[in-house]
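The values are calculated or read from the model by the stated rules, or taken from the named source; none is laboratory data. In this text the structure is predicted, and so the values were computed from the model without any measurement. As a convention, Cβ positions derive from the backbone with ideal geometry for all residues, glycine included, and neighbour counts pool all protein chains shown. To get the accessible areas, we keep the full protein, side chains included, count just its heavy atoms, and leave off ligands, DNA and RNA. Shrake-Rupley method; radii C 1.70, N 1.55, O 1.52, S 1.80 Å.
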Amino acid sequence: MTTGLFGSALTRVNISRQGCGKPYSAGCSLIRGWEATAVKNVKLGEIAGIFNGVPDARQHELLYKASFITYNFIQPKHLGVFNDIHSASEIKRKTPISKSYFVRKNDIILKRLNPDVATLVLKDVPNTTFSSNLIIIRLQKNYFPAYIACLLENQGIALLNGNIVGSVAAINSISVKALAALDIPAVTYERQITIGRMWLLHKKRKRLLGDLIAADQRLMAAVIKGVTQIPGRNNNGDFQKRH
């Protein structure tokens, strides 16, 4: 019996309100009293297709620009921390891109360099491909995407950030091969749904709390400015000339 990324081949995990506990972390909270029993581990590469994206390099313009095929293009900078994808750029190609390189609903996107979050694609994104600096994980139907994204974000990324490149500033990188070798606890599909939905809810709560804190800070700044601003004085602290 071998010990994999998320525990041994037979694993019992006690889950509390504070978080999933080891080997999961607090980003994946469940209700106290739930227990998830992994009958076995499966390799991520056995249950998902894992793809590097297309090169970012610009192609030389042809004599007739109509010969170009234009695609939406997701790069690492477009990924948010709440499963959101900011406005994608465009990329032009002389030949069609393979259908497997189009981003689909329920794909999981990871940054190849310095990965920090797992982005789950929650809706269809037509005519959109992705950078070679991104990796997409496309699961089989009997695995709940949010469950796998939760495991990757809360445990997998930290353990995969082992390849150090560069001399001054360390750059953590992950590979398709390393991802394919990850052990995933094969809990029942019902448990996958429970864990995955709680992770999605955690993301929403975190975003709402962030928005609330930002709004509260703006309110406090406005209140303080209202009581500290002296009539007749401009923003530089100088008295304004009265005519």
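Quick one: order 78, 86, 202 from most to least accessible surface, probe 1.4 Å.
On the way: 78 15, 86 95, 202 45 Å².
Solvent-accessible surface, decreasing: 86, 202, 78.
Solvent exposure of residue 207, expressed as accessible area, is near 100 Å², computed with a probe of 1.4 Å over the protein chains only.
Run the 1.4 Å probe and let me know the accessible area of residue 204, rounded to the nearest 10 Å². Looks like 140 Å² after rounding. For residue 74, nonlocal amide neighbours, meaning residues 5 or more places apart or on other chains whose placed amide H falls under 5 Å from its own, are 129, 130, 131. Just grab the label-to-label distance for residue 95 and residue 193, each label 7 Å out from Cα along the Cβ direction, in nm (one decimal). Distance between label points: 4.4 nm. Under 20 Å from a label point set 7 Å out along the Cα-to-Cβ vector of residue 82, the amide N atoms of the range 207-225 belong to 207-220. If you take the Cα centroid of the range 180-211 and the Cα centroid of the range 66-118, the two points sit 22 Å apart.
Sorted largest first by accessible area at a 1.4 angstrom probe radius, with every protein chain in place, the residues 112, 218 fall in the order 218, 112.
Of 40/141; 123/177; 43/177; 99/141; 105/204; 99/203, which sit over 20 Å apart, Cα to Cα? Please list the in-between numbers first.
Working: 40/141 18 Å; 123/177 27 Å; 43/177 11 Å; 99/141 18 Å; 105/204 18 Å; 99/203 30 Å.
Beyond 20 Å: 123/177; 99/203.
Note on residue 98: accessible area is roughly 60 Å² with a 1.4 Å probe, heavy atoms of protein only.
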